[in-house]
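Quick notes on the structure that follows.
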């Protein structure tokens, strides 16, 4: 093996350097050389500022790596990237951490396979600041699981093969359906407390450490920030709305109706239309405050 070929074998490419992609790239550097790329110049500049080598193009990245991780905002973006990298670097192992639908995963996997590459859906269960302790379900050939688990070891505590291509995407969509519903009902609970004369801060402080079965990790993360009026995005309403819609669309394609999920999607839709899409997911509370003329904040 030539020195260049050996370097390609070791190097992992990361495409997409947003809220999840940048932590992924940073964590991977603890084990392997990493090369990154983002079509948005500002994202590439942020990566370069923390010392990550930035490829000049997708083709350069693909031809310098044997494994590429994708962290992209939509199925259309994933398909566009795969269509560019797979023909230019046959034999790639493509791990897609993006949140997209299972049919999209299967279609994109077939596209990659036709060009001699292997595509697996590997979405992330966990928030950006928990990189290293994430759980990552894997959908695709079980024979590739050992190699996938080795690549993902710096970012995941658990790498779980869950089925054929598309299975991990299904798991992620179902998981994020629960996220969207918990997010929406948290905002409604805070508004209800305020409207009934209870300080929303008292509600949060009392419930959060009560041991009640209603208290999720998400509630513990978003509710204190909501009542303190802190809406800087960890996971934006736009992304919650996109993921929520994926679940509703998947259900519709299977002949199911998600009454609760559809209601949550409608709330997130209204929040985006009202101009809150770039704010944190729990800023749906701001929409409800505007609609009902009450501010559900800590007194």
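The values are calculated or read from the model by the stated rules, or taken from the named source; none is laboratory data. None of the values given here were measured: they were computed from a predicted structure. Here the Cβ positions follow ideal geometry from the backbone for every residue, glycine too, while neighbour counts run over all protein chains shown.
Structural remarks
- Residue in region 197-211 that is farther than 28 Å from residue 294 by Cβ and surrounded by fewer than 15 Cβ atoms within 10 Å (Cβ to Cβ) present: yes
- Extreme residue, surrounded by the fewest Cβ atoms within 10 Å (Cβ to Cβ), among residues of region 167-190 that are closer than 14 Å to residue 265 by Cβ and within 12 Å of the chain's Cα centre (by Cα): 179
- Residue within region 48-71 that is assigned to a loop (DSSP other than H, G, I, E, B), at pLDDT 95 or above and on the phi > 0 side of the Ramachandran plot present: yes
- Meets criteria (surrounded by 14 or more Cβ atoms within 10 Å (Cβ to Cβ), under 24 Å from residue 100 (Cα atoms) and within 24 Å of the chain's Cα centre (by Cα)) for residue 233: yes
- One residue from 125, 113 being within 22 Å of residue 101 (Cα to Cα) and surrounded by fewer than 15 Cβ atoms within 10 Å (Cβ to Cβ): 113
- Residue check: residue 250 meets all listed conditions (1) within 25 Å of residue 172 (Cα to Cα); (2) surrounded by fewer than 17 Cβ atoms within 10 Å (Cβ to Cβ) but one, namely (2).
- Selection status of residue 92, buried (at least 20 other Cβ atoms within 10 Å of the Cβ), assigned by TED's automatic domain parsing to the domain that holds residue 246 and either in contact with a strand residue (DSSP E or B) (Cβ under 6 Å, 6 or more places away or on another chain) or at pLDDT 95 or above (or both): no
- In region 96-103 there is no residue matching the filter, namely being more than 15 Å from the chain's Cα centre (by Cα) and crowded, with 16+ Cβ neighbours inside 10 Å.
- Pair list, Cβ under 9 Å, 6 or more apart: region 160-184 residue over 22 Å from residue 107 (Cα atoms), other residue modelled with pLDDT under 95 and not in a helix (DSSP H, G or I): 178/216; 179/235; 182/216; 183/235
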